[in-house]
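These notes concern the structure reproduced below.
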Amino acid sequence: MADLEIELKLRLDVGTVARFRRAAWLQRHKTGRARSVRLLSTYFDTAELDLRESRAALRVRKMGSRREQTLKVPGAMSGGLQQRTEFNAYIQSDAPQLDLIEDKKLRALLKKLDRKQGLVPVFATDIRRTIWLVRYGDSLIEIALDVGTIQSGDRSRPISEVELELVEGAPIDVVRAAYALCQSFDLALDRDSKAARGYHLYRNRQAYPQRAKRLKLNPDQSVQDVLGLVLQDTVGQVLVNSPVILGSRDPEGVHQARVAVRRARAGLSIFRSAFEPAVFNEMRDELRWLQQAMGQARDFDVFLSGVLTDMQGYFGDRPGFVALRRAAEAMRDAGYAEAELTLNSGRFSRSLLALDEWALSPSPANSRDTLIEFARSVLQKRLKRVLKTAGKRPQDLPHDDLHPLRLDLKKLRYAVGFFGSLYEKEKVRPYRRALSRLQDCLGGLNDALVQSYLINELEANGHKLSLETKSLLEGWNAGQVERDLGHLEQQWIEFTAMDPFWRV
């Protein structure tokens, strides 16, 4: 039969398993005795992984003497919550029995794949599962502690995780229950299913960075609904890139995770009136903490692959540059260690779960504006602020006064990103590009500011730089600033000549 599965997953350090079993929270909320079962599951797909490409999963699970076939097909993903439709059937063999799949179209599709390409085992899991049923809020929730391994060929990985699945009630109670558990344990919010990890193991690949998709809004949505989308999009984007940071330290993973957090901070600013002040301040502070926790890794990644590589290409491998690279690499590695600690912490999970909870909660405020009216007001205010900060000739401003202009342009660009889909693409696209070019003109200033901070951090951590190295860095940055600012006047003229798309 088909069931809608709504669940949330948390990673748990294997050394904490015994303490988790005795958790006071579980004892307080459970409705009966815990039960334990060994689950042996084999996942099937074609050699070309057609099911994986469709984000579906087919498994046969052995539980004692029983065997159950499950086909999972994807549903919506809302922040940390995952929704899937399951088609379950008890079977008599270790191989799939496709005739028992209830949905006719899915059954025909899998039979066609099996007939043309063959469905074969691709990986297996061996799990000891302990299950508690708990009452929390107005809901009944199944909490499962899974400890075991995933195996594909001669490769294997350990599993130690907690799953919360809604049995009956409201999804928000699953989020709140997870938040409560994360107050006592360092449970790390995770989006990777066992199937996703099994496929990574089968392919012998790491997770890969993923960019956020632009929001697609319609004028009938409420202001609060849009904020909920922004917050849940943030949670999803951070979670989908977390395995990249933890597994491969791919610079793009930490970059995309920080982009998601910056978007959420921009969203909080835009929609501030929707929050109670205390809630707003708490969410703002947590997002700032999360962005800073990944900042050192990202900043030194950019420094190493950007300015330092360019300078070594121009000046050669001077001894001062070689020492600087070693020091910067050590600081970058320390930054990644901090990011990994953050992503495995209870505070990280609570921060994202708080965003999820707000997005799923009834709106605390009812804006009288339609979404179009609200968007127009925000965009107009942000443009007005840019024009005021820039004055008549921004190219004549002192460098220190150009930094606030860069920030105001950035805020306007985020607002355009949030609300752009409400307007015609042909009018939004050139405006967005003009903003991007203006930000590029001020990019050298920002790079110089960040690099000055990084040099101070290096020296504060015992990495002393030679006077020659610091002088070359200062001169290089000054040249980059002047190069970028040389385009500011023309780009400003072109930008101010454009009609804002929201007034057309």
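The values are calculated or read from the model by the stated rules, or taken from the named source; none is laboratory data. No experiment lies behind these values; they were computed from the predicted model shown. Positions of Cβ are generated from backbone atoms using ideal geometry, with glycine treated the same way; all protein chains shown enter the neighbour counts. Ligands, DNA and RNA are stripped out before the accessible areas are found, and what is left, the full protein with its side chains, is counted by its heavy atoms. Shrake-Rupley method; radii C 1.70, N 1.55, O 1.52, S 1.80 Å.
Key figures
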{"item": "Matching entry among L355, L360 (being open to solvent by 40 Å² or more (accessible area, probe 1.4 Å), under 30 Å from S184 (Cβ atoms) and touching a residue at least 40 places away in the same chain (Cβ under 8 Å))", "result": "L360"}
{"item": "Residues satisfying the stated conditions in the range 213-224, i.e. open to solvent by 40 Å² or more (accessible area, probe 1.4 Å) and under 30 Å from I245 (Cα atoms)", "result": "K213, R214, K216"}
{"item": "Among residues of the range 131-180, those that are under 16 Å from R38 (Cα atoms) and not charged (D, E, K, R), counted", "result": "14"}
{"item": "Residue among L379, L402, L387 that is on the phi < 0 side of the Ramachandran plot, hydrophobic (A, V, I, L, M, F, W, C) and surrounded by fewer than 20 Cβ atoms within 10 Å (Cβ to Cβ)", "result": "L387"}
{"item": "From L246, L239, L229, residue being part of a helix (DSSP H, G or I) and under 23 Å from A330 (Cα atoms)", "result": "L246"}
{"item": "Every pair of residues 6+ apart whose Cβ atoms lie under 7 Å, when the first sits in the range 147-159 and is loosely packed, with under 12 Cβ neighbours inside 10 Å while the second is part of a strand (DSSP E or B)", "result": "P158/T149"}
{"item": "Residue list for the range 184-199, filter: within 15 Å of G247 (Cα to Cα) and either open to solvent by 30 Å² or more (accessible area, probe 1.4 Å) or of a type in the set (G, A, S) (or both)", "result": "A188, R191, D192, A196, R197, G198"}
{"item": "Matching residues, the range 198-224, being in contact with a strand residue (DSSP E or B) (Cβ under 7 Å, 6 or more places away or on another chain) and at pLDDT below 90", "result": "N204"}
{"item": "Residue ranges of helices (runs of 4 or more DSSP H) in the range 292-372 with at least 2 members closer than 20 Å to V450 by Cβ", "result": "295-303, 309-315, 319-343"}
{"item": "Elements of type helices (runs of 4 or more DSSP H) contained in the range 1-117, each with 1 or more residues being touching a Phe, Trp or Tyr at 6+ places or on another chain (Cβ under 8 Å) and more than 24 Å from D138 (Cβ to Cβ)", "result": "17-21, 50-53, 104-116"}
{"item": "Boolean, S269 is more than 30 Å from N477 (Cα to Cα) and hydroxyl-bearing (S, T, Y)", "result": "yes"}
{"item": "L164 being at pLDDT 95 or above, under 30 Å from L189 (Cβ atoms), open to solvent by 50 Å² or more (accessible area, probe 1.4 Å) and not acidic (D, E)", "result": "no"}
{"item": "Residue count, the range 449-476 (criterion: modelled with pLDDT under 90 and buried (at least 19 other Cβ atoms within 10 Å of the Cβ))", "result": "1"}
{"item": "Residue in the range 390-399 that is surrounded by the fewest Cβ atoms within 10 Å (Cβ to Cβ), counting only those that are under 16 Å from F495 (Cα atoms) and not polar (S, T, N, Q)", "result": "K392"}
{"item": "Of residues in the range 325-340 being among the small types (G, A, S) and farther than 18 Å from K470 by Cα, the one farthest from the chain's Cα centre (by Cα)", "result": "A330"}
{"item": "Residues within the range 26-46 that are out of contact with any Gly (no Cβ under 8 Å at 6 or more places or on another chain), more than 22 Å from C182 (Cα to Cα) and among the β-branched types (V, I, T), tallied", "result": "1"}
{"item": "Residues of the range 484-497 that turn out to be within 35 Å of the chain's Cα centre (by Cα), of a type outside the set (D, E) and closer than 16 Å to L397 by Cα, as a count", "result": "5"}
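Residues checked against (1) closer than 26 Å to G444 by Cα; (2) of a type in the set (A, V, I, L, M); (3) touching a helix residue (DSSP H, G or I) at 6+ places or on another chain (Cβ under 9 Å):
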{"residue": "E286", "(1), (2), (3)": "no, no, yes"}
{"residue": "V302", "(1), (2), (3)": "yes, yes, yes"}
{"residue": "V307", "(1), (2), (3)": "yes, yes, yes"}
{"residue": "D310", "(1), (2), (3)": "yes, no, yes"}
{"residue": "G313", "(1), (2), (3)": "yes, no, no"}
{"residue": "R318", "(1), (2), (3)": "yes, no, yes"}
{"residue": "F321", "(1), (2), (3)": "yes, no, yes"}
{"residue": "E340", "(1), (2), (3)": "no, no, yes"}
